[in-house]
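Student: Once you've had a glance at the structure underneath, I'll fire off some questions.
Values in this text are rule-based calculations from the coordinates and carry no lab data. Bear in mind that the values here come from a model prediction, so they are computed numbers and not experimental data. A quick note on method: Cβ atoms are made from the backbone with ideal geometry, for glycine too, and the neighbour counts reach across all protein chains shown.
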Amino acid sequence: MVINFKNELNMMKRVKILPALLMVIALSIFSSCEEFGFPVDESYKRLFSPVTFASENITATSADLKLSKVPGADTYVIEFSEDSLQYSTIVRTLTLKADTLSYVSGSTSVYLVRVGELKGATRYSARLKAISSTNETPESKWDLLTFVTRSEQIFKNVLSSEKTDYSVVLRWDAAGAGVTHIVVTNTIDNTTKREDLTAADKAASMKLVEGLTGATTYTAEIYNNDNKRGTITFRTNESVPSEGKVIRLTGTENLNELLAAESGDITLVMPAGSLFEASWLDPSSGNTSNTLPLSDNITKLTFWGVEGDVKAKLHATSIKLGAGITELRFKNIEYYGKASTADYVLNENTTRAITHISFEDCEVHTVRGVVRMQNDANMTTLEKVLIKNTIIHDIGNYGITHTGAANTKLTDLEISESTFYNITDPMCNMKNIAASVVIDQCTFYNAFGNGRYFLQFNASFLPEKLQVSNCIFGQMNATVFDGTQTMRASNPKITTAFVENSYQTTDFFVHTGYPMTGIIEYAGTAADLFVDPASRNFRIKDPNFGGLTTAGDPRWR
């Protein structure tokens, strides 16, 4: 390698000259600054903004704000607006002295401030600045954040005992509840009504709202001026029939005396949870009777149970029809007798004018039969028996409907959305031709005894219309479950399919000579299909059940 010492020497000289030149330039610059006096921006001389400014634990009416301590600051100001970082209108200002603030747990540098009395479901913007009271250092710039409070709910649940078919009592929490009015909206047609709250309403924390429509869902909203403080949805009770004479009972009346004196079309409105027991002294025998005789002058009678947590109860050994009654209706009540070996809902041996009987939203139990027409001299013709959304259980050997006397008739039987358990005998026992028998969306358990029929037409006819659809037959009423005891589908037997989308469990045994033609076999017992059938819980627990959403009483789906 050849080294050029002359070049190297020149380079060393340049290196020594460079620092000196830089020093001269620097001195010249500082000298110039002092000479011309450039201004300094004093706006940058201020307190630092808090490093931390955040919200947490947000409820409908409060929020926790965390802010970090600023050196030299002894006061903090927080301003609030109800917008998104616009601060067009300040709705609240907090001035906080540092020596009054508490720290976040475990910290000595971050304060915790709880802000209350906020509006529910509202966006707030908050801005924070630090201030020194000595004025030696100007206040900090604003630090910003925004948050949304949760929806507030001061309404209490509506009590079933405090709503009718035309009114409701609305209650709310009293503590700190500044309120001005309630808006009630009909969810069907969206009509609204405003209820301004009086001083008495506010003191009681309740409001009676009237003028509503029956069987309708409403939404109520409670306000403090424009601030919504709660929302609740409720449904009014089904409207009581207005035809004829409506008698609203209290639960203390004697039904035997009342009905003996009435005439015409009557609706008895029975309070939820009430109990009416038939009892009267029979002068012919001198004994107490628990039947419920009806006046011959009554033409239509409805037992109407008000909706509530517990159904109204009617306890009798049977109802004795008068000569003039044409319609008998049971709505949302529990009817029961003393024993399933002796008592009935109806057990008539005389020709009557009755044509229509219905059970809707009811529970019927502990009777020998539900509707029975006996005696060959009885010429009664029932045009229709309707059973809907009803639970019937513990029924003796006259089954659900029995018009098996020579001259009694049931023209139209319709049963739907109902549950039957602990029964031995048929859904119908008929001797004279019927126009229609329809059984749809029903659940059966421990039903139909050995050799007993589901449908008994006494081998003489089949209805013009026969439909069994969307039903579940779980465990027959037997003493052994090895197949030696079997029930019978119909008399006469039907070999063409008359059962649609309906299922039988493996412990429901149908006699091969009397088939339930068209039924689908479920590969399991009733205990495999239902949650707890022994305890009367017939909810379906098998997610793979073919009729999961279509078969059985809808209340169990």
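Student: Return the FRET efficiency for the residue pair Thr351, Asn297: r is the Cβ-Cβ distance, R0 is 22 Å, and the value is rounded to the nearest 0.05. Display every interim value, and only then the final one.
Tutor: Working: r = 18 Å, r/R0 = 0.81.
Here the calculated transfer efficiency is 0.80.
Student: Taking 0.36 nm per residue of sequence separation and subtracting the Cα-Cα distance, how much length would be gained by fully extending the chain between Asp196 and Leu208, in nm to one decimal?
Tutor: That works out to 3.2 nm of additional length.
Student: Taking only C-alpha pairs under 8 Å that are 6+ residues apart, what is the relative contact order of region 160-235 in percent?
Tutor: 36 percent.
Student: Further, regarding this structure: Go through Lys384/Lys409; Lys163/Lys300; Lys66/Lys228 and tell me which ones have a Cα-Cα distance over 18 Å in this structure.
Tutor: In this structure, Lys163/Lys300; Lys66/Lys228 exceed 18 Å between Cα atoms.
Student: Would you kindly derive the ³J(HN,Hα) couplings of region 182-196 from the backbone phi angles with the Karplus curve 6.51 cos²θ - 1.76 cosθ + 1.60 (θ = phi - 60°), listing them in order in whole Hz, with x for Gly and Pro?
Tutor: 10, 10, 10, 10, 6, 6, 7, 10, 6, 6, 10, 9, 9, 10, 6
Student: Still on this model: Using the per-residue mean of other Cβ atoms lying within 10 Å as a proxy for protection, in what order, highest first, do the peptides 414-424, 461-471 fall?
Tutor: Working: 414-424: 21.5, 461-471: 17.9.
Descending packing order for the listed peptides: 414-424, 461-471.
Student: Test of the criteria: in region 113-156, which GluC sites (Glu not before Pro) are in a DSSP loop and have at most 13 other Cβ atoms within 10 angstrom of their Cβ?
Tutor: Glu117, Glu136
Student: Assuming R0 = 51 Å, what is the FRET efficiency of Asp376 and Arg555, from their Cβ-Cβ distance, to the nearest 0.05?
Tutor: Plugging the Cβ-Cβ distance into 1/(1 + (r/R0)^6) gives 0.80.
Student: Would you mind listing how long region 160-235 runs along its three principal axes, going by Cα atoms, in whole Å with the largest first?
Tutor: Computed over region 160-235, the largest-to-smallest principal extents equal 33, 26, 16 Å.
Student: If contacts are Cα pairs under 8 angstrom and at least 6 residues apart, what is the relative contact order of the chain in percent?
Tutor: 6
Student: Still on this structure, please answer the following. Using the basic label-point model (7 angstrom from Cα toward the beta carbon), what is the Ser535 to Thr108 distance in nanometres?
Tutor: 5.9
Student: Can you compute the helix-only [θ] at 222 nm over the chain? Use -39500 (n - 2.57) per DSSP H run of at least 4 residues, normalise by all residues, nearest 500 deg cm²/dmol. Don't skip to the answer; put the middle values down first.
Tutor: Details: 4 runs with 49 residues, N = 557.
After summing the helix terms and dividing by residue count, I get -2500 deg cm²/dmol.
Student: Where a ≥ b ≥ c are the square roots of the eigenvalues of the C-alpha gyration tensor, would you call region 413-557 rounded, which needs a/c under 1.5, or, failing that, prolate if a/b is larger than b/c, or oblate?
Tutor: In terms of gyration-tensor shape, prolate.
Student: Something else about it: Output needed for the chain: three equivalent-ellipsoid semi-axes, defined as square roots of 5 times the C-alpha gyration tensor eigenvalues, in descending order, whole Å.
Tutor: Sorted largest first and rounded, they come to 83, 35, 18 Å.
Student: Still on this structure, please answer the following. Just order 158-164, 189-195 by mean Cβ neighbour count inside 10 Å, highest at the front, would you?
Tutor: My ranking of the peptides, most packed first, is 158-164, 189-195.
Student: Please work out the FRET efficiency for the pair Arg92 and Lys141, using the Cβ-Cβ distance as r and a Förster radius of 25 Å; give the result to the nearest 0.05. Present the calculation step by step, with values, prior to reporting the outcome.
Tutor: Working: r = 20 Å, r/R0 = 0.82.
Efficiency, rounded to the nearest 0.05: 0.75.
Student: What Kirkwood radius, in Å to one decimal, follows from the Cα pairs of region 316-422? If you can, show how the numbers build up before the last one.
Tutor: Details: mean 1/r = 0.0736 Å⁻¹.
Evaluated on region 316-422, it is 13.6 Å.
Student: In terms of modelled amide H atoms, which long-range or inter-chain residues lie less than 5 Å from the amide H of Ser490?
Tutor: Close amide H contacts, sequence-distant or interchain: Phe454, Leu455.
Student: Measuring from the lowest to the highest alpha carbon on each principal axis, how far does region 233-300 reach, largest first, in angstroms?
Tutor: Projected onto its principal axes, the Cα set of region 233-300 covers 55, 26, 14 Å.
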